[in-house]
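Here the structure comes first, spelled out in structure tokens, and everything after it is commentary.
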Amino acid sequence: NESTSHALFRKVKELQIEFKNNLPSHWALFISTLIDLATIVQIKFTGRSIYKARRNMRANIASLLQRTCCLTSLTIDYDSSIYNSWTAENICSMVPSHIKHLTVSIKNPDEIKLVLKRLPHLSSAQFRCGHTSSWRKFIEWFEENKAGSRCRGNAYLMSLWLDKTSVQSIEQKHSNKRIKIDGRSS
């Protein structure tokens, strides 16, 4: 990549982008000319205006994330209020498969299920939610569907550590089909 070889900062490991106001339409491309994105292992998006993210801003974020091949940890920290334009679907469509650790805000615990189903490559995740007393149903679902994994939460945050071996063995158990062959001659 030509922009990588000309990047001003070639050894940046962590990047934090704060969204205060509207950004220029090509901000992600501009950042990639400044920083060698191939060296980034952790990105954190913050700011009071990120929760108002329009489709083009989310597309720019997704484009930036796709160009960070060593990225393993992603935080998208935004307001989880009713005015938030982000959904679990938006998050899942942006997160590339090389992300192993995810921290995001959600509107309700049911969104976690969608994220876990759509992003099976995660090793750990933290979900922030406005005060909720409905973690009990989620924890029951989690213990039933993610054997060997662990969770810990409080009124505002749910942390998950996902056991990949048990998830894979459960998937294999359900995906194996048995065929009975009768060896009798007719």
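Going through segment 158-173 one residue at a time, which ones are farther than 15 Å from Lys117 by Cα and either at pLDDT below 90 or assigned to a helix (DSSP H, G or I) (or both)?
Residues of segment 158-173 farther than 15 Å from Lys117 by Cα: 158-159, 165, 169, 172-173.
Once the filter is applied, which keeps residues that are farther than 15 Å from Lys117 by Cα and either at pLDDT below 90 or assigned to a helix (DSSP H, G or I) (or both), segment 158-173 yields Thr165, Ser169, Gln172, Lys173.
Go through segment 11-42 and give me each residue that's over 18 Å from Pro96 (Cβ atoms), buried (at least 16 other Cβ atoms within 10 Å of the Cβ) and touching a Leu at 6+ places or on another chain (Cβ under 7 Å). Hits for segment 11-42: nothing passes. Scanning segment 125-153 for residues that are in contact with a Phe, Trp or Tyr (Cβ under 9 Å, 6 or more places away or on another chain), among the basic types (Lys, Arg) and surrounded by 13 or more Cβ atoms within 10 Å (Cβ to Cβ), we see that the one that is farthest from Ile91 (Cα to Cα) is Arg150.
Under the condition of being at pLDDT 95 or above, in a strand (DSSP E or B) and of a type in the set (Ser, Thr, Tyr), the residues counted in segment 104-141 number 1.
Residues in segment 142-156 that are modelled with pLDDT under 90, part of a loop (DSSP other than H, G, I, E, B) and within 19 Å of the chain's Cα centre (by Cα): Tyr156 alone.
Of all residues in segment 16-73, those satisfying the criterion of being part of a strand (DSSP E or B) and within 23 Å of Gln126 (Cα to Cα) are Gln16, Ile17, Glu18, Gln42, Ile43, Lys44, Phe45, Thr46, Ser73. A search for C-beta distances below 7 Å between a residue of segment 66-79 that is among the small types (Gly, Ala, Ser) and any residue that is in a strand (DSSP E or B), counting only pairs 6+ apart in sequence or on different chains, returns Ser73/Gln42; Ser73/His101.
Can you go through Leu23, Leu15 and tell me which one is in contact with a strand residue (DSSP E or B) (Cβ under 8 Å, 6 or more places away or on another chain) and in contact (Cβ under 8 Å) with a residue 12 or more places away in the chain?
On the way: Leu23 fails: in contact with a strand residue (DSSP E or B) (Cβ under 8 Å, 6 or more places away or on another chain).
Only one candidate passes the filter, namely Leu15.
The values are calculated or read from the model by the stated rules, or taken from the named source; none is laboratory data. Treat the numbers as computed from the prediction; the structure is a model and nothing was measured. Note that we place each Cβ from the backbone using ideal geometry, even for glycine, and neighbour counts take in every protein chain shown.
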